[in-house]
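Let me begin by presenting the structure, written as structure tokens, before commenting on it.
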Amino acid sequence: MVNIKDILQKRILVLDGAMGTMLQRYKFQEEDFRGERFAAWKHPLQGNNDLLSLTQPEAIAEVHRKYFAAGADIVETNTFSGTTIAMADYHMEDLVYELNYESAKIAKKVANEFTAKEPNKPRFVAGSIGPTNKTASMSPDVNDPGFRAVSFDELRIAYKQQVEALLDGGADILLVETIFDTLNAKAALFAIEEVKEERNIDVPIMVSGTITDASGRTLSGQTAEAFLISISHIPILSVGFNCALGANQLVPHLEVLSSRTEHAISAHPNAGLPNAFGEYDESPEQMAAQIKEYVEKGLVNIVGGCCGTTPEHIRAIAELVKKYDPRELTVVG
């Protein structure tokens, strides 16, 4: 397998777009989420996109194919909520290993198909590790600021199970993403380091935070620089931002990272900001025009899309970045 670190020296890599946005196009109903296997499940399952890797695997594979065909070098597994903590909402904690394993397996099979067709453009699978629906740094109860819904250790254990399954299923990279609370991310990174040590392996790690509003801070209150410092003890492939903001609004934060780290920089913004209906209106052309600023300024090594982005958006981005050199790297990985 070609080393992704070597490729990063030569060109800008393209990450895929939004899995959720694509799955909405299928208009899956409750029975589609359940499939035959979960027809008698006692709790509602609609909205559990990770479950579709078991009940609608061909749809998941098709989404990956569309992103690779559009020019993506890396696709993310359908595992954004693949922890026991997030799956508790559906009473599916016992399925977590299988969900992650099968999701990685589906993505890897499609990646191998494309690599076989174009050996000069190897395709990679990033195991998507989301933030969970609980935060270790803040209380969900305004009347009890000291209360925490989850502990660092609970997060570490949950993430470790997810990481093991993603690696067993064939993930090439681990992507800790949409980080709104750096303490959650540190638990994920700790779990990854544990697995690496136990298995005596090295695996590239991408870390992607999310700036939640115009304050330029994460939800747990960190600036871009503070976020970077908080995770800098871990050997990572890349650091960057995704979600929350459109491409334009991310520029100053990417500039901060770019000037302060030797690692690769990633960005996968939303297709603009959501409208009154929670939809994303930015066209592929509009988004690519904004991302042009990233590549003209030499800010990024990996770029893709988050909420509202489709294969059409990724195609426009892939066409754009072909013409530009990646941000110069002094240290990779």
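A few points about this structure:
- The set of residues in region 262-294 being hydrophobic (A, V, I, L, M, F, W, C), modelled with pLDDT of 90 or more and within 21 Å of the chain's Cα centre (by Cα) consists of A264, I265, A267, A271, M287, A288, I291.
- Qualifying position, being acidic (D, E), surrounded by fewer than 24 Cβ atoms within 10 Å (Cβ to Cβ) and either in a loop (DSSP other than H, G, I, E, B) or touching a Pro at 6+ places or on another chain (Cβ under 8 Å) (or both), among E293, E285, E312: E312
- For region 120-177, filtering for residues that are more than 16 Å from D50 (Cβ to Cβ), of a type in the set (F, W, Y) and either at pLDDT 95 or above or crowded, with 19+ Cβ neighbours inside 10 Å (or both) leaves 1.
- The number of residues in region 224-260 that are farther than 18 Å from C306 by Cα, within 20 Å of the chain's Cα centre (by Cα) and not aromatic (F, W, Y) comes to 11.
- Residue in region 24-43 that is under 21 Å from G308 (Cα atoms), in contact with a Leu (Cβ under 8 Å, 6 or more places away or on another chain) and either surrounded by fewer than 23 Cβ atoms within 10 Å (Cβ to Cβ) or not β-branched (V, I, T) (or both) present: yes
- Any pair with Cβ under 8 angstrom, 6 or more apart, that starts in region 20-42 at a residue that is assigned to a helix (DSSP H, G or I) and ends at one that is of a type in the set (S, T, Y) and surrounded by 12 or more Cβ atoms within 10 Å (Cβ to Cβ): T21/Y280; T21/T309; T21/T310; M22/T310; D32/Y26; D32/T55; F33/T55; R34/T55
- Of the criteria (1) under 11 Å from I317 (Cα atoms); (2) among the acidic types (D, E); (3) touching a residue at least 40 places away in the same chain (Cβ under 8 Å), which one E293 fails: (1)
The values are calculated or read from the model by the stated rules, or taken from the named source; none is laboratory data. Fair warning: this is a prediction, and the values are worked out from it, not measured in the lab. Cβ coordinates were reconstructed from backbone atoms using ideal geometry, including for glycine residues, and neighbour counts include every protein chain displayed.
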